[in-house]
Each structure stands twice: as C-alpha cells, then as structure tokens.
Amino acid sequence: LAAATSRSLTLVQGPPGTGKTAVAIRILTYWVRTRQLSGGRDMSLLACSDSNIAVDNLVSGLAKVGIRVVRLGRPEQTRPELLQFATSSIVQQALREQNADMLPPHQQKQLKHDALMRALGSAQVICATCVGAGSGQLDKRRFAGVLVDEASQATEIACVVPLLRGCQQLVMVGDHCQLPPTIASE
C-alpha cells in the first residue's frame, strides 16, 4: 500500500488465494480517500483486467467498501448482480426517468450522452477490461492512477491501452506462475 502511493510503478505478486484482489481493492480505496483529502483534481481512477470475471471482482469489492464505481463494457459480460454499476444500465435508467421514448432521436442521443458523462464524472473508480479502456467513452478522460489486476494473464499490448489514459501511477497485480495470456494467433 505504501509503495502504491509513493512509486510510479508497483508490482504485486502472489500465489493463488493470497489476497491479491483484496490488496488491489485496498490500494484503490486508499487512492480514492487520499486524493479526496488532497482535493481539487479529477478523482476518478481506472481499474482494469484482461478478463470480465476479474473486472467484476473489482467492481464487487469496490462497491462493498462504498466506492462509487462504474463498469464499462457489454452488459452480457457483466454478472447480473453488478448490472446496476454498468454504464449501459445507468444510461437506460436515466432514459426511463426522462421518458426518452417520447423524444425525437437526436434528443434521445443527447440524453444518452449526458447520462453517460454524468455517470463517468461521478465515479471514483471506473472499471473496464484492458482493451475496453480504449473505448471512445473515455476519450477525454485522464487517469493519474491505473491498476491492472490479473496482469500476468494479459498481453503486453492489452496492458498498454489503459496506460495511454494519462497514467502517472501504475499498479500491476498478478502471478506469473499462473495462467499466461490466451493468444489464439501465432
């Protein structure tokens, strides 16, 4: 935890079941709380993994400790109990509240965009797959802190995607002795 707050790169390694994801949640929670105290700047952080399962584990853990978390990605890839944190669900809820089906298409589109921007703007941590962090939804956002969970299962190029969002502090969590990245092409 101390290294993750003072160094630009921190690696967390441990065998299965040693609490790597729990440490990741603590690091993110600490980042949120200390950046709130320092005040003034964009508070959102980016937490990624190569797999949707690991992203959902981050979302679940962050929500349990009271962090305002938003999950990017397709809803069919999200566990049902976490859909309330998915941007698609948040946007659909906003459209229902505004009776958007009665509006012309261009106003519906603007309403969707506004709801998405509000959701992302209010999040303390945005969670996505590593490749999903390259989404156009995040085009104008920068994240000083980026955490990559299950980093040893992601390819190097997938890990670069979240770093292109203005990363100043990076934490990579994983175990190089576990499963390597799945690569289907030679």
- Item | Condition met for Leu62 (assigned to a helix (DSSP H, G or I), touching a strand residue (DSSP E or B) at 6+ places or on another chain (Cβ under 8 Å) and in contact (Cβ under 8 Å) with a residue 24 or more places away in the chain) | yes
- Every residue from the stretch 51-86 that is basic (Lys, Arg) and closer than 17 Å to Leu28 by Cα: Lys64, Arg68, Arg71
- Query: So Ala133 clears everything in (1) open to solvent by 40 Å² or more (accessible area, probe 1.4 Å); (2) at pLDDT 90 or above; (3) among the hydrophobic types (A, V, I, L, M, F, W, C) except one condition, right? Which one?
  - Reply: (1)
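Taking the stated definitions as given, is Gln124 in contact with a strand residue (DSSP E or B) (Cβ under 9 Å, 6 or more places away or on another chain) and polar (S, T, N, Q)? Reasoning before the result, please.
Working: in contact with a strand residue (DSSP E or B) (Cβ under 9 Å, 6 or more places away or on another chain): yes; polar (S, T, N, Q): yes.
Spelling it out, Gln124 is indeed in contact with a strand residue (DSSP E or B) (Cβ under 9 Å, 6 or more places away or on another chain) and polar (S, T, N, Q).
Out of all the residues in the stretch 157-168, which are over 16 Å from Cys127 (Cα atoms) and modelled with pLDDT of 90 or more? Write out each step before concluding.
Going residue by residue through the stretch 157-168, those that are over 16 Å from Cys127 (Cα atoms) are 157, 168.
Matches in the stretch 157-168: Ile157 only.
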- Query: Could you count how many residues in the stretch 2-25 are part of a helix (DSSP H, G or I), closer than 18 Å to Ala144 by Cβ and not hydrophobic (A, V, I, L, M, F, W, C)?
  - Reply: 2
- Query: When residues of the stretch 101-127 are filtered for being farther than 30 Å from Val65 by Cβ, in contact (Cβ under 8 Å) with a residue 12 or more places away in the chain and among the aliphatic types (A, V, I, L, M), how many remain?
  - Reply: 1
- Task: Would you check if there is a residue in the stretch 37-45 being open to solvent by 50 Å² or more (accessible area, probe 1.4 Å), touching a residue at least 24 places away in the same chain (Cβ under 8 Å) and more than 19 Å from Ala158 (Cβ to Cβ)?
- Result: yes
- Message: Could you check the stretch 29-42 and list, in sequence order, the residues that are of a type in the set (A, V, I, L, M) and at pLDDT below 55?
- Response: Leu37
- Which numbered condition trips up His176, out of (1) surrounded by fewer than 20 Cβ atoms within 10 Å (Cβ to Cβ); (2) modelled with pLDDT of 90 or more? (2)
- Assess whether Leu1 counts as being open to solvent by 60 Å² or more (accessible area, probe 1.4 Å), of a type in the set (A, V, I, L, M), in contact with a helix residue (DSSP H, G or I) (Cβ under 9 Å, 6 or more places away or on another chain) and closer than 25 Å to Ala154 by Cα. yes
- Message: When the residues of the stretch 68-114 are narrowed to those that are part of a loop (DSSP other than H, G, I, E, B) and under 20 Å from the mean Cα position of the chain (by Cα), which ends up surrounded by the most Cβ atoms within 10 Å (Cβ to Cβ)?
- Response: Leu72
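The values are calculated or read from the model by the stated rules, or taken from the named source; none is laboratory data. Quick caveat, the model's predicted, so the values are computed rather than measured. Ideal geometry is used to build each Cβ from the backbone, glycine not excepted, and the neighbour counts take in all protein chains shown. To get the accessible areas, we keep the full protein, side chains included, count just its heavy atoms, and leave off ligands, DNA and RNA. Shrake-Rupley method; radii C 1.70, N 1.55, O 1.52, S 1.80 Å.
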